[in-house]
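Encoded as C-alpha cells, the structure appears first; notes follow it.
The values are calculated or read from the model by the stated rules, or taken from the named source; none is laboratory data. As the structure is a computational prediction, the values presented were derived from the model and not from experiment. Glycine gets a Cβ as well: all are built from the backbone with ideal geometry, and neighbour counts include every protein chain shown.
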Amino acid sequence: MRILVVGSGGREHALAWKLASSPVVSHVFVAPGNGGTATEPHCENVPIPADDVERLVAFARTEGIQLAVIGPEKPLVLGLADALTEAGIPAFGPSAEVARLEGSKAYAKELMSACGVKTAAYATFEELEPALEYVRAGEGPIVVKADGLAGGKGVVVCADRAEAEQALRDNLEGGRFGDASARVIVEDFLEGPELSYIVIASGTDFVPLASSQDHKRLLEGDEGPNTGGMGAFTPVPFMDDALERHIQSAVIRPVLAELERRGTPFVGFLYAGLMLTEDGPYVLEFNVRCGDPETEALMIGLDADFEGDLVPLLIAAAQGRLAEVRAPLTSHPAACVVLADGGYPGNVSPGHHISGLSEANARDGVKVFHCGTRRSHADVISSGGRVLCVAARGESPQDALSRAYAAIGDVHFETMRYRTDIGGATHDEPT
Ligand code: AMP
Ligand code: GLY
C-alpha cells in the first residue's frame, strides 16, 4: 500500500515512521516532510507544501495513493480531506466543515452546548468595549482565547483582570493573530490535572489511543508562555477504566453523535483536551488531528506487531467501515521531550548544525523524531522553533523519561533548550 502523510513536524515524522513499519505498507510519501522523514526507511519527501491542496490531490492521483493521512490542522481547515475524497482517494482527516471544531473555538463551544458536553462558561466578543466590561464585572483569574487558529499560542490564562484587559487589547485592538483574533472567547478559569484523550474516529465509531499529557508552557514548573508543546508522556497516572468510560460517554460519544446528526460525520483523529475538575472532566479544547508532541510518545508506545498496527484502522475509518475492524490497540508507557531553538516560541534562529543523532537513536527504546530540521548533504540542520523530539518507550512513563533524558545528553545544537521536568520529576541536565 502507498500512503501519503501530509505535514512537516515531529507528529508527521512519528506517523510516517509508524505507518512505514506496517507489513501492508510499501511506501510512505511525506509532503513536505523534514530532515528526519527524508532518510526514514520506506519514506520519501515530496516538495509540496502541506497547504497546497490542488498539488497534493494531483500528486495523490498520479502516484496511486491508497490512504492519505493529514497531520496538521491547516490543510484540514482548507478542505484537503474533502478534495481528496472527491478525487476518490481515502483520506484520514475531517472535512473543512468539521475541522471548524478546532478552527473556531466559538463553533466548538456551540457544538458542546448543543450536545451537553461540559466546558467552561464563556462569552464571545468581536468588539473591545463590551469585552472589557465583561471582564471588569468579575474578579480573579480568567482565560482569554483567540477564536481561530493560533498555533497553540492563542490562549492566555490571566491571573487578574488587568492581564485580561491587556490580552483583550492585544487580540481585538492589536490584531495579535490577524483574522484568528478578530473574535475572542473569554472563559471561566478551571482547575485540575489535564489530559489529552485522542480517538481514531469515523462517524459514531471510534478506537481510542492511550491517554497522554502534554506540557504546553515553555519553562520548568509550568511557567512562561504557552508553546505548541514541550514534551509529553503516556499514559497519565490517574486514568482508569471508570474515568475512561466516563470520558467516552460524556465527551466523545455525544460530540460524534451530534456531528453525525448535523450531517457532518467526523473522520480522523478527534483530540479532546480535558481538565479533570472537582465537577468531573471539562473540555478545554478539541483538535481535529493528533497532538504534537503527544503523537511522538503515542507512536513509539504502540505495539510493534499487529496489535499496534494503525494502518487497517485508518484505512477502515477513511472508508467508513471502522466498526468492521474495530480492534483495541495495544500500547506501552512512553514519553518524549522537545528540543527547541533558544528563541522559541518567539523569534528563532535556524541554521544550526545538529550532532549526536545516531548515538541517541542507538539507545534502547529511543527514537529521535525531527520537528524542524532539514538535510544539507549528510548534515542535519535546524530549521524551526521546535527542532527535535526525543521519544522513548519504557516500563513506565518515568522509565521512558529517564531513557529520553539520557539520550538528550548525546544531542547538541547551538541555542538548544528543553524542559527538564517533563512528567513531573526533575531531570538534571545531562553532563
Ligand atoms: P487550549 O489551547 O485551549 O488547550 O489551552 C491551552 C492551555 O491553557 C490548556 O492546556 C490549559 O492549561 C490552559 N487553559 C485553557 N483553558 C483554560 C481554562 N478555562 N481554565 C484554566 N486553564 C485553561
Ligand atoms: N500538543 C497540543 C496540540 O497539539 O495541540
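Of note:
- Members of region 362-392 found to be in contact (Cβ under 8 Å) with a residue 12 or more places away in the chain and polar (S, T, N, Q), listed by number: T373, S382, S383
- Against the criterion of being part of a loop (DSSP other than H, G, I, E, B) and surrounded by fewer than 21 Cβ atoms within 10 Å (Cβ to Cβ), P312 does not qualify.
- Some residue of region 116-125 being of a type outside the set (S, T, N, Q), part of a strand (DSSP E or B) and within 16 Å of ligand 2 (Cβ to nearest atom): no
- Residue among E285, E294, E324, E278 that is more than 16 Å from ligand 2 (Cβ to nearest atom), within 24 Å of K145 (Cα to Cα) and charged (D, E, K, R): E278
- Among the residues making up region 413-431, those that are surrounded by 14 or more Cβ atoms within 10 Å (Cβ to Cβ) and not acidic (D, E) are F413, T415, M416, R417, Y418, R419, T420, I422, G423, H427.
- Qualifying residue in region 90-109 (condition: part of a helix (DSSP H, G or I), more than 22 Å from the chain's Cα centre (by Cα) and surrounded by fewer than 22 Cβ atoms within 10 Å (Cβ to Cβ)): no
- As a summary of the residue check, L172 satisfies the conditions (1) of a type outside the set (S, T, N, Q); (2) within 16 Å of ligand 2 (Cβ to nearest atom); (3) more than 28 Å from P281 (Cβ to Cβ) except for the one numbered (2).
Here is a yes/no grid of residues against (1) away from ligand 2 (no atom under 16 Å from the Cβ); (2) of a type outside the set (A, V, I, L, M); (3) at pLDDT 95 or above; (4) surrounded by fewer than 16 Cβ atoms within 10 Å (Cβ to Cβ):
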position: L190; (1), (2), (3), (4): yes, no, yes, no
position: G203; (1), (2), (3), (4): yes, yes, yes, no
position: S211; (1), (2), (3), (4): no, yes, yes, no
position: E220; (1), (2), (3), (4): yes, yes, yes, yes
position: F233; (1), (2), (3), (4): no, yes, yes, no
position: D241; (1), (2), (3), (4): yes, yes, yes, yes
position: V251; (1), (2), (3), (4): yes, no, yes, no
position: G263; (1), (2), (3), (4): yes, yes, yes, yes
position: V267; (1), (2), (3), (4): yes, no, yes, no
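- Condition check for A272 on (1) touching a Gly at 6+ places or on another chain (Cβ under 8 Å); (2) within 16 Å of ligand 2 (Cβ to nearest atom): one failure, at (1).
- At least 2 residues being farther than 28 Å from L195 by Cβ is the threshold, and among the strands (runs of 3 or more DSSP E) wholly inside region 323-389 those reaching it are 373-376, 379-382.
- Considering region 256-293, and only residues there that are under 20 Å from G229 (Cβ atoms) and part of a loop (DSSP other than H, G, I, E, B), the residue that is nearest to ligand 1 (Cβ to nearest atom) turns out to be G291.
- Pairs where the first residue, in region 211-222, is within 10 Å of ligand 1 (Cβ to nearest atom) and the second is of a type in the set (S, T, Y), C-beta under 8 Å, 6+ apart: Q213/S196; Q213/T234; D214/S196; K216/T227; R217/T227
- Taken over region 406-421, the criterion of being in a loop (DSSP other than H, G, I, E, B) and not hydrophobic (A, V, I, L, M, F, W, C) is satisfied by G409, D410, E414, T415, Y418, R419, T420, D421.
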